[in-house]
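Engineer: Submitted below is the structure of interest, expressed as structure tokens.
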Amino acid sequence: MSVIDRHGAAVAVFVSGVSSMGVEILAGRLLAPTFGSSVFTWGAVIGVLLAALSGGYVLGGRYASTHASMRALSIISAMSAVSVAVIAVSGDSAVAALGSVPIPGRYATIVPVAVLFGPMTFLLGIISPFAAEQSTAESHGGASGRVYALGTIGSIVGAFGTTFVLIPSLSVGLVAVVLAVPLVVVAVVLAEPDVPSMAAAGLAVLAVVVAASLVLGAPAGEQTLYETQTAYSQLEVTEENGVRTLYLDGVPQSAVYTDDREGYVFDYAPYMHIPMLMDDDVERVLFVGGGGFTGPQRYAEEYPNVTVDAVELDRGVVTAAEQYFRLEESDRLRVHVGDGRRFLSSTDHTYDVIVLDAFRADQVPFHLTTREFLELTNSRLDEDGVLMANVIAARAGEGSAFYRAMVKTLRTTYPSVYAFPTADTPSLQNIELVASKNASGFTRAQLQRRNDRRDIGLDLSAELRRYRQTDGVDTDDVPVLTDDYAPVDSLLDEQVDKRYVITGYNGSTDRD
């Protein structure tokens with residue numbers, strides 16, 4: 001018996017485990033720019049792929065005794081490799097096209113997952129029972145146990161390798177190519193000297209070679225300065241008409257002028273200075289969420305008596321900000337890579353202002369929204385301290401549930417809560433929620449008088465005209481968010497497919 005006969009089936013099972021779990025991790029990243037990375041996205045990925053894998057197990061088990069062979073394992077591996085190569089080349093465009101299928105938002109990811117990843121996972125599911133039939137183990141139980149152990153070990157390798165090695169280093173398309181290569185090797189090694197298996201192996205080799213050449217040869221957009229996959233998102237830096245913008249999963253996060261213009265690009269950014277009008281003696285400020293670090297840098301530049309700490313979860317974002325947004329640490333601007341809540345839990349510092357700028361329209365870290373987290377921020381603020389949260393939502397009606405839940409939760413912790421919507425539109429927009437420990441509160445007139453007599457680096461008169469008390473916000477149908485119950489993904493679900501408007505240098509930046 002040849003080495004291939006003894007070990008070929010085991011290698012096929014191991015490789016199928018690596019590729020199936022690797023592609024499952026990749027699916028979440030491929031879907032994120034269009035659908036976000038909510039629990040609904042990951043639920044669809046896991047549920048659909050488990051269903052496809054189970055279907056492959058059933059079919060493979062039914063026909064293993066009559067059709068299992070090295071030739072069959074070769075052909076199945078080849079077909080799976082071709083499927084992954086197709087994902088590498090057309091995954092982005094296919095997801096965008098399938099995203100327009102008229103399905104309720106929380107279920108919308110099921111279609112692209114089923115179409116793109118279902119067939120490949122189904123095929124890989126057939127491999128395990130076929131391999132068990134080819135096993136030299138002394139019993140069916142022993143064969144099944146060995147096969148599923150190998151498949152599980154392969155899945156572990158695929159999960160860790162894709163998560164910690166491939167995605168942080170390569171583009172989505174190139175990761176798919178890398179995951180297809182082991183399947184091609186299995187297809188070639190196990191191919192029998194006959195037309196079907198040799199043709200399948202040849203097709204797999206051709207498909208992966210073509211996919212690799214297309215992925216590697218695809219030019220970046222003419223305005224794209226930098227593009228990478230970080231551990232958390234697809235990051236892109238573009239420049240157009242003298243404006244450099246940082247995108248995460250296709251959503252603009254920060255922008256700066258690269259010509260002779262000064263000031264903020266996006267109109268919502270100046271609102272982050274409103275807390276300077278509410279505290280008479282600001283010395284220490286914390287930003288949770290960095291992006292391009294335009295806010296923290298502006299604070300450090302404008303206020304010589306202020307020390308700024310900025311916490312950013314994603315090391316890749318910090319690197320991009322250093323290279324393209326002039327981020328440079330100093331004695332008054334310190335950058336910390338890590339989770340904002342963990343940082344607040346571990347720090348001994350007390351802050352005058354905390355700016356929470358880590359939310360997106362469809363991706364919100366729920367642990368930064370809960371009453372327990374807000375109580376933590378309250379404990380880290382001085383007696384007149386101010387918390388500002390940059391929330392993306394509609395002001396009322398459909399798309400406003402998350403905003404209203406945040407208002408309700410803030411009221412459980414802070415005596416004074418204000419809202420500053422930033423656009424005259426019913427669409428999703430940046431709404432700045434400002435919570436103060438000052439129980440007496442501030443009227444619009446008081447803040448305007450402070451703005452008139454203080455020099456905080458910019459005139460906030462226009463921003464203060466948008467001042468709103470939150471007493472009139474209807475919160476009866478939304479929950480207080482807690483660590484035990486924070487249905488953030490459900491609250492954000494009604495925002496899916498709604499237009500997100502950021503007013504800025506060209507009037508607006510629309511994201512559908």
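Engineer: Mind listing just one residue for me: the one in the range 296-309 that is surrounded by fewer than 24 Cβ atoms within 10 Å (Cβ to Cβ) and not acidic (Asp, Glu) and, of those, nearest to Tyr324 (Cα to Cα)? Before the answer, list the steps.
Structural biologist: Step one: filter the range 296-309 for residues surrounded by fewer than 24 Cβ atoms within 10 Å (Cβ to Cβ), giving 297-298, 300-307, 309.
Still in the running and not acidic (Asp, Glu): 297-298, 300, 303-307.
Numbers: Gln297: 13, Arg298: 16, Ala300: 18, Tyr303: 23, Pro304: 24, Asn305: 27, Val306: 24, Thr307: 23 Å.
Selected residue: Gln297.
Engineer: Also, quick follow-up: Here are the criteria: (1) within 29 Å of Ala231 (Cβ to Cβ); (2) touching a Leu at 6+ places or on another chain (Cβ under 8 Å); (3) surrounded by fewer than 17 Cβ atoms within 10 Å (Cβ to Cβ). Tell me which single one Glu372 does not satisfy.
Structural biologist: Here Glu372 meets the rest and fails (2).
Engineer: Out of all the residues in the range 244-268, which are among the β-branched types (Val, Ile, Thr) and more than 24 Å from the chain's Cα centre (by Cα)?
Structural biologist: To start, the set of residues in the range 244-268 that are among the β-branched types (Val, Ile, Thr) comprises 245, 251, 256, 258, 265.
Within the range 244-268, just Thr258 meets the criteria.
Engineer: Name the single residue that is farthest from Glu302 (Cα to Cα) among those in the range 347-359 being under 25 Å from the mean Cα position of the chain (by Cα) and at pLDDT 95 or above. Before you say what the answer is, go through the steps one by one.
Structural biologist: First pass over the range 347-359, keeping only residues under 25 Å from the mean Cα position of the chain (by Cα): 354-359.
Restricting the remaining residues to those that are at pLDDT 95 or above gives 354-356.
On the way: Ile354: 17, Val355: 16, Leu356: 19 Å.
For the range 347-359, the residue satisfying everything is Leu356.
Engineer: Residues that are surrounded by fewer than 23 Cβ atoms within 10 Å (Cβ to Cβ) and modelled with pLDDT under 90, at least 1 per element: which helices (runs of 4 or more DSSP H) completely within the range 377-494 meet that? Full working, then the answer.
Structural biologist: Working: elements: 401-411, 444-453, 461-464, 488-493.
Hits in the range 377-494: 444-453, 488-493.
Engineer: Regarding the range 253-266, can at least one residue be identified that is outside the structural domain of Asp455 (by TED's automatic domain parsing), touching a Pro at 6+ places or on another chain (Cβ under 6 Å) and among the polar types (S, T, N, Q)?
Structural biologist: No, every residue in the range 253-266 fails to be outside the structural domain of Asp455 (by TED's automatic domain parsing), touching a Pro at 6+ places or on another chain (Cβ under 6 Å) and among the polar types (S, T, N, Q).
Engineer: Look at Leu286 and say whether it is closer than 21 Å to Ala231 by Cβ, of a type in the set (A, V, I, L, M) and buried (at least 23 other Cβ atoms within 10 Å of the Cβ). Before the answer, list the steps.
Structural biologist: On the way: closer than 21 Å to Ala231 by Cβ: no; of a type in the set (A, V, I, L, M): yes; buried (at least 23 other Cβ atoms within 10 Å of the Cβ): yes.
Answer is no for this residue.
Engineer: Now a separate question. Identify all residues within the range 368-395 that are in contact (Cβ under 8 Å) with a residue 40 or more places away in the chain and over 25 Å from Asp352 (Cβ atoms); write none if there are none.
Structural biologist: Ile392, Ala393, Ala394
Engineer: Could you list all residues from the range 307-324 that are in a loop (DSSP other than H, G, I, E, B) and at pLDDT 95 or above?
Structural biologist: So in the range 307-324, the residues in a loop (DSSP other than H, G, I, E, B) come out as 313-314.
Selection gives nothing.
Engineer: What pairs come up if the first residue lies in the range 37-58 and is assigned by TED's automatic domain parsing to the domain that holds Val364, the second is aromatic (Phe, Trp, Tyr), and their beta carbons are under 7 Å apart, counting only those six or more places apart or on different chains?
Structural biologist: Sorted first by the residue in the range 37-58, then by its partner, the list stays empty.
Engineer: A further question follows. Looking at Val355, Val335, Val364, which one is assigned by TED's automatic domain parsing to the domain that holds Arg404 and not in a strand (DSSP E or B)?
Structural biologist: Working: Val355 fails: not in a strand (DSSP E or B); Val335 fails: not in a strand (DSSP E or B).
One residue alone meets the criteria, Val364.
Engineer: Oh, and also: Which of the residues belonging to the range 55-78 are surrounded by 20 or more Cβ atoms within 10 Å (Cβ to Cβ) and in a helix (DSSP H, G or I)?
Structural biologist: Of everything in the range 55-78, those that are surrounded by 20 or more Cβ atoms within 10 Å (Cβ to Cβ) and in a helix (DSSP H, G or I) turn out to be Gly56, Gly60, Met70, Ala72, Leu73, Ser74, Ile75, Ile76, Ser77, Ala78.
The values are calculated or read from the model by the stated rules, or taken from the named source; none is laboratory data. Note that the coordinates shown come from a computational prediction; the quantities given were computed from them, not determined experimentally. Glycine gets a Cβ as well: all are built from the backbone with ideal geometry, and neighbour counts include every protein chain shown.
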